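A.B. asks: Structure in structure tokens, see below.
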Amino acid sequence: MSNATLNGTGRAMLNALEPNLSLLASQAAIELDNCLLKKPTGLDAVRLLAKQLDSSTEAVGESNERQALMDAPTASVLSSALDSCSLPVQTLAELADKAWEMANDLQNTEPTTNTETIQQLRSFCVFLATNARSLRRDIQDMQATHAMRG
């Protein structure tokens, strides 16, 4: 992980502008796909993605509520990925809660986890990879357009 954003505790957070996010999410989707196919697989990318999601939120006081520790592009990419999985969010608080739940689900995934849960997690990873890649492509296109004008 080259340019990962670190939170206040020095743990890597999810960052939509990180060049490797799309690759990490794609690798996690492949690992989950292998679980569905009953192929032996490590879940290293799944665990790393879970840690980044977890580090992108923090508890609010002593409550069960979470708050988001992410920039606007990351919140947008994550929100779109959740929405694509029929887990829409309306507020940053909801986004933080869903991100934390997704982090826990990814962290606790084993090859024996029920198929429906693995399918949903796999879909989330695919949408996250696609959305992160699209954002980076859009930014590169804008930079190229500005370079041509300048």
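A.B. asks: For the stretch 99-150, which residues satisfy the criterion of being among the hydrophobic types (A, V, I, L, M, F, W, C) and loosely packed, with under 15 Cβ neighbours inside 10 Å?
C.D. replies: Within the stretch 99-150, ILE139, MET142, ALA144, ALA147, MET148 qualify.
A.B. asks: Still on this model: Which members of the stretch 27-51 meet the condition of being modelled with pLDDT of 95 or more and of a type in the set (S, T, N, Q)?
C.D. replies: Hits for the stretch 27-51 are GLN27, ASN34.
One line per residue, one yes/no per condition, for (1) out of contact with any Lys or Arg (no Cβ under 8 Å at 6 or more places or on another chain); (2) modelled with pLDDT of 90 or more; (3) among the hydrophobic types (A, V, I, L, M, F, W, C):
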site	(1), (2), (3)
GLY10	yes, no, no
LEU17	no, no, yes
LEU21	yes, yes, yes
ALA25	yes, yes, yes
LEU53	yes, yes, yes
ASN64	yes, no, no
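A.B. asks: How many residues are out of contact with any Lys or Arg (no Cβ under 8 Å at 6 or more places or on another chain) and either open to solvent by less than 80 Å² (accessible area, probe 1.4 Å) or closer than 18 Å to GLU101 by Cβ (or both) if we restrict to the stretch 34-51?
C.D. replies: 11
A.B. asks: Next question, about the same structure. Quick check on this structure: which one of GLN119, GLN140 is at pLDDT 95 or above, more than 22 Å from SER56 (Cα to Cα) and out of contact with any helix residue (DSSP H, G or I) (no Cβ under 6 Å at 6 or more places or on another chain)?
C.D. replies: GLN119
A.B. asks: Of the residues GLU58, GLU62, which single one is farther than 22 Å from LEU17 by Cβ and open to solvent by 60 Å² or more (accessible area, probe 1.4 Å)?
C.D. replies: GLU62
The values are calculated or read from the model by the stated rules, or taken from the named source; none is laboratory data. Only a predicted model underlies this, so the values are computations on that prediction, with no experimental measurement involved. Here the Cβ is made from the backbone with ideal geometry for all residues, glycine too, and neighbour counts use every protein chain on show. Note: accessible area is taken over every heavy atom of the protein model, side chains too, but ligands, DNA and RNA are not part of it. Shrake-Rupley method; radii C 1.70, N 1.55, O 1.52, S 1.80 Å.
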